[in-house]
Amino acid sequence: MTLKSDGRESGETEHHSAATTAEAFDPNLLDQDNPKVRQLLEAAGRLFMQLPYDAVSTDAIAKEAKVSKATLYVHFSSKENLFATLIGSRCHRIAGHAWSARSVISDVEQDLRAFAESFIDMLQSPDTLPLYRSIVSQTTRFPELGRLFYEMGPKRFEARLADFLTEATRRGLLRVPDPSLGALQFIQLMAGDVPTRGLLGLDLHSRGASEARIDSGIALFLAGYGPNAAANV
């Protein structure tokens, strides 16, 4: 393998489409707990929260992580791929926590609550909000960032929840005729105005207010999609 002076293979280009980068994300990489990968992701996270996306270079990430640029390219094909893995790793961690004890559906209301609590924690995380603001501020210049964040974050959450709703409906525990729509509706009920407040830098809701929104949202969701609800909601 021939490396260029910046550590990339000869002929490799820096630009990758958002779709290609999102598809390239491999959660198994995260399970290896490779210290170099962890250093690079932590360094990239710090830089992307402090600086605009286009101001963060692979040189800067490697320097912040205290590794060589060649080492960076051993693990990540581009800055876009590293960014995708950063977003994916955070979403993967939150999603895994949300369902870690819920591999078998037992109590639908408690299962939904576990998801909602982890989802709210993710939305209000000090790791998430600065990154979200940075992405939103740059989507006009870099629309692929918005697509990438959506593919790696909200879309994956929606898909996982839709699978849960599909299985719960199959078992007769819920009646959700369109699980994808139901997942989106549940997430919107849980999110409320948190994304808007976070984007504008306003104070976030207290734990008590968040719990009240979760209680109310789950009650409303089950009123429409519970086993005794009308089938044509």
- Message: Apply the Karplus curve 6.51 cos²θ - 1.76 cosθ + 1.60, θ = phi - 60°, to the phi angles in the stretch 133-145 and return the couplings in whole Hz, x for Gly and Pro.
- Response: 4, 4, 5, 4, 5, 10, 5, 5, 7, 10, x, 5, 5
- Message: Can you tell me the length gained on complete extension of the stretch Asp203 to Arg46, counting 0.36 nm per residue apart and subtracting the Cα distance?
- Response: 54.3 nm
- Using the 10 angstrom Cβ neighbour count as an exposure proxy, how do Met190, Met122 rank, fewest first? Met122, Met190
- Here FRET efficiency (C-beta to C-beta, Leu220 to Lys66, R₀ 41 Å, nearest 0.05) is 0.25
- Message: If neighbour count is taken as other Cβ atoms inside 10 Å, put Val176, Val136, Val37 in order from fewest to most.
- Response: Val136, Val37, Val176
- Note on the structure: The answer for trypsin sites (Lys or Arg not before Pro) in the stretch 157-228 that fall in a DSSP coil and have at most 12 neighbouring Cβ atoms within 10 Å is Arg171
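Every number in this text was worked out from the coordinates using simple rules, so none of it is lab data. What you see is a predicted model; the values in this text were computed from it and never measured. In this analysis, Cβ positions are derived from the backbone assuming ideal geometry, glycine residues included, and neighbour counts consider all displayed protein chains.
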